[in-house]
Amino acid sequence: MPMNRSYYFNYIENKLQVLSNSVATRGKLNVLDYNIYSETFFANLLNMIFNFNLENMNTFKQNIEGIDLIDNENKIIAQVSSTSTKQKIEKSLEKEIFNNYPGYRFYFISIAREAENLRKMKYKNPNNVLFNPKEDIIDVKSILDNVLNMHIDKQKAFFEFIKKELGEEPDIFKVDTNLATIINILASEKLSEIEEYSDNSFEINRKIEFNSLESVRETIDDYKIFYIKLDEKYTEFDKIGANKSFSVLQAIRKQYVLLQNKEEISEIIFFNIIDNVIDIILKSNNYVEIPYEELEMCVQILVVDAFIRCKIFKNPEGYNHVVTR
């Protein structure tokens, strides 16, 4: 299995399993707040996997028993439940509310337990709701089966969705340690010769505009504040004779040069540099695992810093030269 696919899947699996276990545990304690939040989360999740257009019914009507989600375009209604039993499903199917939605298919979403046994059962269906247990009962395992076989681009998009919804906030207090680790890894990369590049300074906003990087502006603004901290870290290494700053910046520069020859859209190049550098780190024998959110943040700091130091992307002409590494 390719490295990226394996990493994306493992991350998604871990986050969904943790959520499922948390819902189950809190349900036993009668703490049901996760159930409420899960309705919208699973609506968006299923929309991404199956191209549905599910919406939370509570947006339109409050507390409709038996129905949590609805997709009027594809004629789908769904219930999101942490109680996964035959009795629960049959109790839902007997609700008269289903008569208001003729021709709609019913999905049962089990968010706390595997539902393999439920798919093998037969159910009383007094309202003749469209419902095929083998296909219309969804659990975390069946979701992961779909994720595993996704095209890599779709899997990455799904990974980003899970990271935004269920990921941890990066630990800002670990920035120093993590940056040092990552600098060491990147500095050890073997680099082929690449062309010389300019050390001209620039105004960040004008360089963004010059390179058509408007969609990247927010990322640059978020991480440019770490310029001084990273400069201090580079200085620490360079004082002891380890020219880490040059090696790290060259490693990032190399990715830029390679991508520039394959891709014309600047925004794609920028984010692919980040992805490629993360991949280098993950494949390193020296990598000591840290939360992905912290790894990604550190790499974004390094790439934004390289952008500021004129190591990647073109520099507008007519700017005064300043001392950079």
query = Separation between the residue 265 and residue 156 pseudo-spin-labels, each 7 Å from Cα along Cα→Cβ, expressed in nm?
reply = 1.1
inquiry  = Compute and list, largest first, the equivalent-ellipsoid semi-axes of segment 215-299 from the alpha carbon gyration tensor, each √(5λ) rounded to a whole angstrom.
reply    = 22, 16, 15
ask   = Charges only on Cβ, +1 for Lys and Arg, -1 for Asp and Glu: so what's the dipole of segment 3-166 about the Cα centre, in debye to the nearest 20?
value = 400
key: FRET efficiency for residue 236 and residue 17, using Cβ-Cβ distance with R0 set to 45 Å, rounded to 0.05   = 0.65
Fraction of alpha-carbon pairs over 26 Å apart in segment 3-166 - percent = 26
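Could you list 312, 269 in order of exposure, starting from the residue whose Cβ has the fewest other Cβ atoms within 10 Å? Write out the running numbers ahead of the final one.
Working: 312 25, 269 21.
So the residues, fewest neighbours to most, are 269, 312.
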ask   = Going by how many other Cβ atoms sit within 10 Å of their own, how do 113, 217 line up, fewest first?
value = 217, 113
key: Net lengthening on full extension, residue 85/residue 206 (0.36 nm per residue, minus Cα-Cα)   = 37.5 nm
task = With a ≥ b ≥ c taken as the square roots of the eigenvalues of the C-alpha gyration tensor of segment 69-158, please select rounded if a/c is under 1.5 and otherwise prolate if a/b is larger than b/c or oblate if it is not?
result = oblate
message = Along the Cα→Cβ direction, 7 angstrom out, place labels at residue 293 and residue 279. What is the inter-label distance in nm?
response = 2.5
ask   = How do the peptides 95-104, 247-256 rank, highest first, by the average count of neighbouring beta carbon atoms within 10 Å per residue?
value = 247-256, 95-104
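No lab work stands behind these numbers, since they all come straight from the coordinates. These figures come from a predicted structure and were not determined experimentally. Note that we place each Cβ from the backbone using ideal geometry, even for glycine, and neighbour counts take in every protein chain shown.
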